[in-house]
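The structure appears right after this line, and notes come after that.
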């Protein structure tokens, strides 16, 4: 009879698998930021995580999959997690919806992990795809957000004399610049607060230039 409180050997519990997965992601992020994607090996990631090399392949297909997961969590594709339903976003008032989206992005990008990943992306783009992959990710995010912007234009809430994709670009490009230039791993609390002020100033300017009725709050 098994003893109470002890687990029989076998496949790890789901929470154990999730813990190991996160440890591997954190180790990969640290090494990618320190050495770059190309110069980091699977063995080094496993060593820093304190697991055998084979443990990585239980959770990920390899180094590229680790990078892809970090990129999805912390890079431009994080828009997909913050905006899982563009149609639901379109049903809200544009200023409220955009502010919530930008607040979520800022929380992600100003976190210690987000700031560390900014350095990785500056050097490596999106892993093996490099800068081309980063550009494609930004374009994908832009087209995703264009759906609610088109709906707001059709409802007369945003100016319609510019393509929705252009309005999304005008919103996102300065935010990406703030992430890359201001939210670096060594940023102090004052630096992060200054970046937040830049985001607020950008949003006020954006709403002033694009909204067709009412005043931004």
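Observations, loosely collected:
- In the stretch 101-121, residue surrounded by the most Cβ atoms within 10 Å (Cβ to Cβ) [restricted to those that are over 19 Å from residue 34 (Cα atoms) and in contact (Cβ under 8 Å) with a residue 12 or more places away in the chain]: 105
- Leading residue by the ranking (surrounded by the fewest Cβ atoms within 10 Å (Cβ to Cβ)) among those in the stretch 143-185 that are part of a loop (DSSP other than H, G, I, E, B) and more than 20 Å from the chain's Cα centre (by Cα): 161
Laboratory data are not the source of any read-out in this text; all were calculated from the coordinates shown. What you are looking at is a predicted structure, and each value in this text was computed from that prediction instead of being measured. Neighbour counts are summed over all protein chains in view; Cβ atoms, including those assigned to glycine, are modelled from backbone coordinates with ideal geometry.
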